[in-house]
Amino acid sequence: MKSRTLWRWNPVSGEYESGPAPARHGSGEISAVQAFSNCTLLLMGGTGFVGKVFLAMILDRFPELRKLIVQVRRKKNVSGEQRFFSDILNSPPVRPTVERLGGADALRKKIEVLEGDLDEPLCGIDPERLEELKGKVDVVVNLAGVVDFDPPVNESFETNVYGTRHLIDLVRLLDTKLVHVSTCYVAGKRNGRISEETEILGYYPHRDSSPGETFSIETELDWYEQFVRETRESRESSPRPVRERLRDGGMNRADQWGWTNTYTYTKSIGEQMVAQTPGLTYSIVRPAIVESSLLFPFPGWNEGFTTSAPLVLMGGGGVKGWPVRKDGPLEIIPVDLVAQGILIVAAAVLCGKGKRVYHLASADENPIMLPRLVSFLGMNSRYKHKHKKEGNRLANAWKAYVETQVITVESLQARRSRLHRGLDIIHAALTLGKTVFGARKIDPYLKSLRDTRRQIRAQEITLDKFLPFMFHNSFVFETRNIREAASMLTDEDLKRICWNPETIDWADYWVNIHTKGIEKWIRPMFATSKKPAS
Amino acid sequence: MNKAAFYDLDGTLLSCNLVTMHAYYARNDRSLVKSVYQLTKVLLSVPLLFGLDLYSRSLFNVFSFRAYRGMHRDRLIGLADDLFEVTIKPSIFPQAKALIDCTRDLGYRNVLVTGTLDFTIRPIALHFGFDEIICNRLEFKNHVATGRVLSPLLAENEKARSIREYAQQEGIDLKQSCAFSDSSADVPMLSAVGHPVATNPTHRLRRIALRNEWPILELREESTFPPFLRPAKAL
């Protein structure tokens, strides 16, 4: 469905503007078409959310590419090659492109699958293959990483820290260039505008408030080795499971330096490893929160739970009080823009014009403020609960007609304790009822109370995970470097890829693309992943 | 594709009433107190709108769009799906979908040409599977509706002009195309195509249609489609 009009929405000023969009022109200092033609690109971590969109995008936009080598991890009995051709090429975001290009068999000439694992030295690649590849790879794009916010610290370290070390060794052995994808949130607990020019090496977020300390990779690695060893050795003496203690250990260490979680802490160490390698040509790409695609491969593609998906699902479930900053933006960026950003950076690196750090974020030019998102969540809940057939009718009406509210963390805590006290009273009443009316009559109610409590607790945990990005801190990531790189492309490149978050119509994106994408792609996964628990 | 089917919306495919639509937005304001206030305003405006409609259609339009003044665009977009489910879907005429499917099967490009606003149209267009929409847009200042419509206001002659322009840009033969409308205001649009169809016509349009020997179609009940639409599907 197309709409024919002379008017164009300008999301920044909030007005319609007349006439067609001004044509984009570049200075032509970087030519992506030229850079990618006859180029061999090695893609690490091409199986993730961003990875698959990037893979589809480069195949779709740059047919000139000579060879694409994709690293895929072996999974139990399934070889990397098998996984790639049966799973990855058949996945929803990649399949449309593959079909357009003539099917998987037509791509076998262009794509080479490299079985490997970042957790092993030199990424676990067969030494013979390595010998063949030496000097033949033009650029390595690394999208691999453990993106869980608070995994046991060893899982995060193995991939995000040691994996990066193995990757650097590989890049040096192949004598090539590196585009390393990290995250904007390595900035940690900071506020305001975050520059791309801040020194990477020795960075820790609390530097301004406690400048006396020195952050070094070696100390962190020593701490990590010792901590994991001690935790595992004291398996018998401590009552808590090792996994949980490893999880807390990572979070505490991250917090001590000022990072929001284990993920951003380990990603920052990874970045610092890249930065301290002498003679390495690299660019670090830092996307903000990566969200549903805007246009490519189709509007609304989404995957995984490390986006705002849990929040959208909770909002649709009828959560009313949202602790967010009234004046803060949520730094989100559609996945297809991230893929285009990485392509632009890779082209810049290939042309020798790469900068150290590129933020891929939206709020610098076109911020979407948190209170607006809260009201979108409310309207979605209104729609869903009005047309909901099952469940308590009174509860549905409440969720449909009571609007979402922006609240503070203090009132959130107060609400929570009130709610739990209420549930305690109900529990007590039911237990008393059990002695009077017998277990047969009361047990179903007790069970449903237990389920409700479990659900509420899960929601609280999810909300707490997102608090650093919604309430405690308010960031705007500067994106000067990517804009500059995009303005250096040729006009032909700009027909294929561009960087234009300033044109995103957030209302349309959030309501018609993002929320519907999450309902379609994430909700079913969420439902099945919950089943074993209950 | 070199022929198109141009559709008017209101009264032709569905009977969506402006007052019920405004009442919907009033009912779904941010809080209950505001809702009651807004609903009172809508109820009070009913006699005024009724009188205006009898007096002048364009003045009626201006007034009806003024009701959006002060509304945030986020809300208009965010409530569009619910508005569709609650007030618009029940008012769709039983034969409307069959007619649109029929023109699509016959190779017409389905184009919706209506004075209704873009955010209201979206779910309707998706429901019917329109290929293209030409519609009105509200003017916004800093995301808030001013109560005016962006020019050119799509009505009467402007509709005919915009389908001529569309046909020229897309290489569509208007002689082979068809148009559907219920109102005599759309006579310029109907006259612009080779196969005009008076659909659920008003008395005035019925007279004009009979004079010009245009086929008359009723979508409110079981009816036969005009001869030029028959080869694909007989109903």
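Summary table
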| item | result |
| --- | --- |
| Kirkwood estimate for the range A:273-419, i.e. one over the average of 1/r between Cα atoms, Å | 18.1 |
| Proxy reagent accessibility, fewest Cβ within 10 Å first, across B:195, A:514, A:206 | A:206, B:195, A:514 |
| As computed over the range A:202-361, the Cα convex hull volume per residue (Å³) | 196 |
| Expected 222 nm ellipticity per residue - DSSP helices of 4 or more, -39500 (n - 2.57), all of chain B, to 500 | -13500 deg cm²/dmol |
| The range A:270-324-the range A:156-216 distance, computed between alpha-carbon centres (Å) | 17 |
| Hull volume in cubic angstrom per residue (convex hull over the Cα atoms of the range A:371-412) | 70 |
| Principal axis dimensions, largest first and in whole angstrom, of the range B:76-131 by Cα | 35, 21, 16 |
| Taking the convex hull of Cα positions in the protein assembly as shown, its mean projected area over all directions (nm²) | 40.1 |
| Shielding of B:78-89 by partner chains, average beta-carbon count, 10 Å | 4 |
| Coarse-grained scattering of chain B at q = 0.14 Å⁻¹, given as base-10 log I(q)/I(0) from a Debye sum over alpha-carbon atoms | -0.92 |
| Straight-distance crosslink candidates among lysines, where the alpha carbon sits under 23 Å from residue A:267 and sequence neighbours closer than 8 are dropped | A:52, A:177, A:189, A:355, A:465 |
| 26 Å Cα-Cα threshold exceeded, pairs from A:495/B:3; A:110/A:495; A:399/A:447; A:2/A:389 | A:495/B:3; A:2/A:389 |
| Dimensionless Rg ratio for the range A:24-108, taking C-alpha atoms and the 2.2 N^0.38 Å reference | 1.18 |
| Centre separation in Å (Cα based) which lies between the range A:220-245 and the range A:336-390 | 38 |
| Along principal axes, Cα extents of the range A:413-523, largest first, whole Å | 80, 31, 18 |
| Radius ratio Rg over Rh of the range B:131-184, counting only Cα atoms, Kirkwood formula for Rh | 1.07 |
| Over chain A, relative contact order from alpha-carbon pairs under 8 Å, at least 6 apart, % | 21 |
| Residues of type lysines that residue A:109 reaches as a straight line, Cα spacing below 17 Å, ignoring anything fewer than 8 places off in the same chain | A:67, A:136 |
| The range A:214-273: Rg to Rh, with Rh as the Kirkwood radius over Cα pairs | 1.00 |
| Amide H contacts of residue B:71 (H built 1.01 Å from N, under 5 Å, at least 5 apart or other chain) | B:145 |
| Distant-in-sequence amide H partners of residue A:407 (H built 1.01 Å from N, under 5 Å) | A:322, A:324 |
| For the range A:1-159, the fraction of alpha-carbon pairs in successive 10 Å shells from zero, as % | 9, 30, 28, 19, 11, 3, 0 |
| Crossing angle, helix B:156-170 versus chain B [Cα axis fit, 0-90 degrees, rounded to tens] | 60 |
| Taking A:314, B:189 and counting other C-beta atoms within 10 Å, the order from fewest to most | A:314, B:189 |
| The range B:18-89 - Rg and Dmax from Cα coordinates, angstrom | 12.6, 35 |
| Rounded D (µm²/s) - the range B:1-125, Kirkwood Rh over Cα pairs, Stokes-Einstein at 20 °C, 1.002 mPa s | 134 |
| Principal axis dimensions, the range A:59-99 - Cα atoms, whole angstrom, descending | 34, 22, 11 |
| Translational diffusion coefficient (Stokes-Einstein; Kirkwood radius from C-alpha pairs) of the range A:72-192 at 4 °C, 1.567 mPa s, in µm²/s | 79 |
| DSSP-assigned coil residues among GluC sites (Glu not before Pro) in the range A:450-503, each with at most 12 further Cβ atoms within 10 Å | none |
| Order by protection proxy (mean Cβ within 10 Å, highest first), peptides A:418-424, A:340-346 | A:340-346, A:418-424 |
| Residue mean of other protein chain beta carbons inside 10 Å, A:1-13 | 5 |
| Most to least packed among A:116-124, B:53-61 [average Cβ atoms within 10 Å] | A:116-124, B:53-61 |
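Only the coordinates and a few stated rules stand behind these numbers; no lab work does. None of these values were measured; they are calculated from a predicted model. Backbone-built Cβ (ideal geometry, glycine too); neighbour counts: all protein chains shown.
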